[in-house]
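Here the structure comes first, spelled out in structure tokens, and everything after it is commentary.
The values are calculated or read from the model by the stated rules, or taken from the named source; none is laboratory data. In this text the structure is predicted, and so the values were computed from the model without any measurement. Here the Cβ positions follow ideal geometry from the backbone for every residue, glycine too, while neighbour counts run over all protein chains shown.
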């Protein structure tokens, strides 16, 4: 079978489509034939290398995927060959206090497929049954593959960490990104007013179509625009995933008692904060990574009802993985870039 792997860190030149042995189905797992996967910025970081994250080479990339059940391990029940399934990337021990309380993403042994272990950019993969969700009939493989990592992360950020309420105002950075496009939709589902940022005028229509109430350009200082929209009050919640380039502006957009929740640092992680503003204005800052398997099932219900939709920029054959990485790296995408197997 073919798999997208890296044998060392570097630019897109280190991406290779390798021929590797077909895995045998493990007794406690399900062998899935992959139909589609989608890219995340995490794929770029794994490819480039991240400080403090040792990678065993070669590494199969890919955090999101969908496909059909090829074979079922003899210890597994609840799935049949041929069923269409969506792959959830988070892996945990299953028996620690966090896992047993439904907070598996807090497990000290938590891993993300494609980051800490081999991912889903292969024609066949072995997956634990608890990481599979049956795809709704109305959803294509490509749409399903565009959902897991970004919608799980955005749901955790807004619903679990920031605890958004109907009527609140949320600032979502980067409408064209996977996190941005999913966070806008989730905020609207929960009754919030959404301000979002884009990098160019050409993306304004895209952001509005997602449901954003107001769109501002983040290539300039967007604090003034946000202050004008909120009549100098600021926003209740900021969804921050850009990092160093926008951190100070994001904090300045918060109202008193505002909450900022962050899940990434695509422009750098070395940020500063004036502690006086933190305690005088009673800001609350949250770090967030992924989300629970239980919440993922709730998220899928919103897709079944049509309240949430997968946002796909482009679908490419998996052999064009280098072009897909470049598209994401150059921020050309409006939504997810999907690889079709």
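Just give me the residues in the range 283-341 being in a loop (DSSP other than H, G, I, E, B) and surrounded by fewer than 20 Cβ atoms within 10 Å (Cβ to Cβ), in sequence order. Scanning the range 283-341 gives 283, 289, 305, 306, 307, 309, 330, 331, 332.
Just one of the numbered conditions (1) touching a strand residue (DSSP E or B) at 6+ places or on another chain (Cβ under 7 Å); (2) farther than 30 Å from residue 177 by Cα; (3) surrounded by fewer than 19 Cβ atoms within 10 Å (Cβ to Cβ) is not true of residue 29: (3). Going by the conditions given, is residue 42 assigned to a helix (DSSP H, G or I) and in contact (Cβ under 8 Å) with a residue 40 or more places away in the chain? Yes.
Those strands (runs of 3 or more DSSP E) of the range 79-155 in which 2 or more residues are more than 22 Å from residue 59 (Cα to Cα) occupy 84-87, 132-134. Counted as qualifying within the range 172-269 are the helices (runs of 4 or more DSSP H) with 1 or more residues that are touching a residue at least 24 places away in the same chain (Cβ under 8 Å) and more than 26 Å from residue 327 (Cα to Cα), namely 178-189, 223-229, 247-252.
Return yes or no: is residue 164 in contact (Cβ under 8 Å) with a residue 60 or more places away in the chain, part of a loop (DSSP other than H, G, I, E, B) and either more than 16 Å from residue 333 (Cα to Cα) or in the same structural domain as residue 266 (by TED's automatic domain parsing) (or both)? Judged against the criteria, residue 164 is a match.
Here residue 260 qualifies as assigned by TED's automatic domain parsing to the domain that holds residue 187 and at pLDDT 90 or above.
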